Structures are given as C-alpha cells and as structure tokens.
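The values are calculated or read from the model by the stated rules, or taken from the named source; none is laboratory data. No experiment lies behind these values; they were computed from the predicted model shown. Virtual Cβ from ideal backbone geometry, glycine too; neighbours counted across all protein chains shown.
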Amino acid sequence: MQHLFDLAEMQGIRIEYAPLRGRDGEYRHDLKLIRLREGMSPRRLRSVLAHELGHAAFGDVPSPYGPLRARQERRADEWAALRLITLDAYRDAELIRDGHIDSMAHDLGVIPRIVGAFRRVLERELARAVA
C-alpha cells in the first residue's frame, strides 16, 4: 500500500483522514486533496485510496449530472483495479474461488467493486481482441 501513498506524494496530492459521513473517500481537485474516512479496514482503505487516486489521475470534478458521475466512478474503479490487481493474481483467485467475486476480493486484498472493475476491463479487452 505504500506505493499508493508514494504515488500521491509524487503528484503533490495531500491525504488526510476525516470522519466522513456516508462516504469512504473523496478527491478535491481544486485542493489536490484526498480525504479518507477514519477506521476503514486495510483492504477497504487500499481500494478507496486507489479509487481516489484514479479521480486525481483524470482530474475529475464531481458532477451533478448522473451519467457523467457514474462514468467517473467506473473509470476511477478501473484505474484502481489495474494498479491493485495483476492478471496472474486475478486468474489464480478466479480459479480457486470459481469466479465468486466476494471471495476473490478477499484473496486479492481489495473490495468486491474493484474485482468487478478488473473483470470489466478484461471483458472489454477480450471483446476488442476478438473483433
């Protein structure tokens, strides 16, 4: 997980912990600041930090427009997934856990949403390769 903190530092992004209500994290592009909810489990913290770094990488500013917000969230999850999960680790977890996302997430040290994002990326790349 240290590599995520190092990545934030290299980009000039500050990280602070706060008692966020109803959210695990947020990225403020105008302040170059990631705020994380206090008291998260290590795998949730790792997943949320990587997700928020994804927002930072794309310069996302929260949108009140639902479809754009959903796109930003998917893109940040996929960015996080590609930095937290390797293809070999995913393949091994999928084989051992018979594709059960919650179990795979536990084995991979991430939250299930990140496994789902990794799977979406794989399916999209497979579709491109076949087309």
Tabulated pairs, the range 101-126, first more than 10 Å from ALA81 (Cβ to Cβ), second modelled with pLDDT of 95 or more and outside any helix (DSSP H, G or I), C-beta under 6 angstrom, 6+ apart or interchain | ALA105/ILE111
How many of the residues making up the range 12-32 are without any contact (Cβ under 8 Å) to a residue 40 or more places away in the chain, among the hydrophobic types (A, V, I, L, M, F, W, C) and either buried (at least 16 other Cβ atoms within 10 Å of the Cβ) or touching a Gly at 6+ places or on another chain (Cβ under 9 Å) (or both)?
-> 1
Residues satisfying the stated conditions in the range 97-107, i.e. assigned to a helix (DSSP H, G or I) and either farther than 15 Å from ARG43 by Cα or at pLDDT below 95 (or both) = ARG97
Out of curiosity, is VAL61 modelled with pLDDT under 95, over 21 Å from GLU125 (Cα atoms) and not basic (Lys, Arg)?
-> yes
Look through ILE85, ILE96 and report the one residue that is of a type in the set (A, V, I, L, M) and in contact (Cβ under 8 Å) with a residue 12 or more places away in the chain.
-> ILE85
In this structure, is GLY116 within 14 Å of the chain's Cα centre (by Cα), crowded, with 19+ Cβ neighbours inside 10 Å and at negative phi?
-> no
Checking GLU9 against (1) surrounded by 13 or more Cβ atoms within 10 Å (Cβ to Cβ); (2) free of Cβ contacts under 8 Å to residues at least 12 places away in the same chain; (3) among the acidic types (Asp, Glu), which test does it fail?
-> (1)
Would you check if GLU94 is modelled with pLDDT of 95 or more and either in contact with a Pro (Cβ under 6 Å, 6 or more places away or on another chain) or charged (D, E, K, R) (or both)?
-> yes
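Only one residue in VAL110, VAL121 is among the β-branched types (Val, Ile, Thr), in a helix (DSSP H, G or I), within 27 Å of HIS29 (Cα to Cα) and out of contact with any His (no Cβ under 8 Å at 6 or more places or on another chain), so which one is that? Show your work before the answer.
Working: VAL110 fails: in a helix (DSSP H, G or I).
That would be VAL121, the only listed residue that is among the β-branched types (Val, Ile, Thr), in a helix (DSSP H, G or I), within 27 Å of HIS29 (Cα to Cα) and out of contact with any His (no Cβ under 8 Å at 6 or more places or on another chain).
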What number goes with the only condition from (1) loosely packed, with under 15 Cβ neighbours inside 10 Å; (2) within 27 Å of PHE5 (Cβ to Cβ) that ALA89 does not pass?
-> (1)
Taking the range 39-65 as the region of interest, how many residues are surrounded by 13 or more Cβ atoms within 10 Å (Cβ to Cβ) and part of a helix (DSSP H, G or I)?
-> 16
